[in-house]
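Accompanying notes for the structure given below.
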Amino acid sequence: LPLMDDQQQAMDALEPYKALMPAALQRRMNAKLGLVDVQEGDAALTEDLMKLLAQDAVDFTIFWRRLSHAASGPLEPVRDLFLQREAFDAWTLRWRERLQARPGFDADTTQVQMLRTNPHVVLRNHLGELAIQRAKAGDFSELARLQNALEHPYEELAGQEDLAGFPPEWAGRIEISCSS
């Protein structure tokens, strides 16, 4: 049974989200960037960053975490993720200028806020696959380790660095289906 009688009814129900969704997304992206409010030019800053990330196929999770550390630390670990370093440098100047324009800006406070927004560990296909393979063999230790990390995704726990690193080469062959 359809939930709505016609397509127009569904379109009308979605109409309020046309304005809400972009604004909510921009607020979320600004939080990831350490920006506490939304100002003119923030959408372009975000869009330009997303283009750079896509062009250089940068790992999003690793990028966001390294950028968090760069808020009051060295930029090189973030810069090293990019092939187009000059373009990233130009973007970084805009980002830092925007950060520092905020009244009362403090780099250390911004870093803490960003580290609370950008997780260190997320569930990645290869991590789940490894935990499943070991569990099928009767070893549930990897599952427990992964669960512990995912219960504390913003904490950089000792002995779990591999859970936040780049996926191994074999992970590129993992195929998943959403048809279940």
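Filtered by the rule that a residue be part of a helix (DSSP H, G or I), of a type in the set (D, E) and either at pLDDT below 95 or more than 27 Å from R66 (Cβ to Cβ) (or both), segment 120-161 gives E129, E161.
Determine which member of the set D12, D37 is under 15 Å from T117 (Cβ atoms) and either outside the structural domain of D108 (by TED's automatic domain parsing) or not in a helix (DSSP H, G or I) (or both). Among D12, D37, only D37 is under 15 Å from T117 (Cβ atoms) and either outside the structural domain of D108 (by TED's automatic domain parsing) or not in a helix (DSSP H, G or I) (or both). Mind listing whichever residues of segment 70-93 are basic (K, R) and under 17 Å from the mean Cα position of the chain (by Cα)? Across segment 70-93, the qualifying residue is only R79. Contact map, segment 45-72: first residue under 17 Å from L35 (Cα atoms), second residue in a loop (DSSP other than H, G, I, E, B) and among the aliphatic types (A, V, I, L, M), Cβ cut-off under 6 Å, separation 6 or more or different chains; pairs are F63/L81. Against the numbered list (1) closer than 19 Å to R27 by Cβ; (2) surrounded by 15 or more Cβ atoms within 10 Å (Cβ to Cβ); (3) not aromatic (F, W, Y), A101 comes up short only at (2).
Within segment 73-104, the set of residues being of a type in the set (F, W, Y) and assigned to a helix (DSSP H, G or I) comprises F88, W91, W95.
Within the set F63, F82, the sole residue that is closer than 20 Å to L115 by Cα and surrounded by 12 or more Cβ atoms within 10 Å (Cβ to Cβ) turns out to be F63.
The values are calculated or read from the model by the stated rules, or taken from the named source; none is laboratory data. What you see is a predicted model, and the numbers here were worked out from it, not measured in a lab. Heads up, the Cβs are rebuilt from the backbone with ideal geometry, glycines too, and the neighbour counts pull from every protein chain shown.
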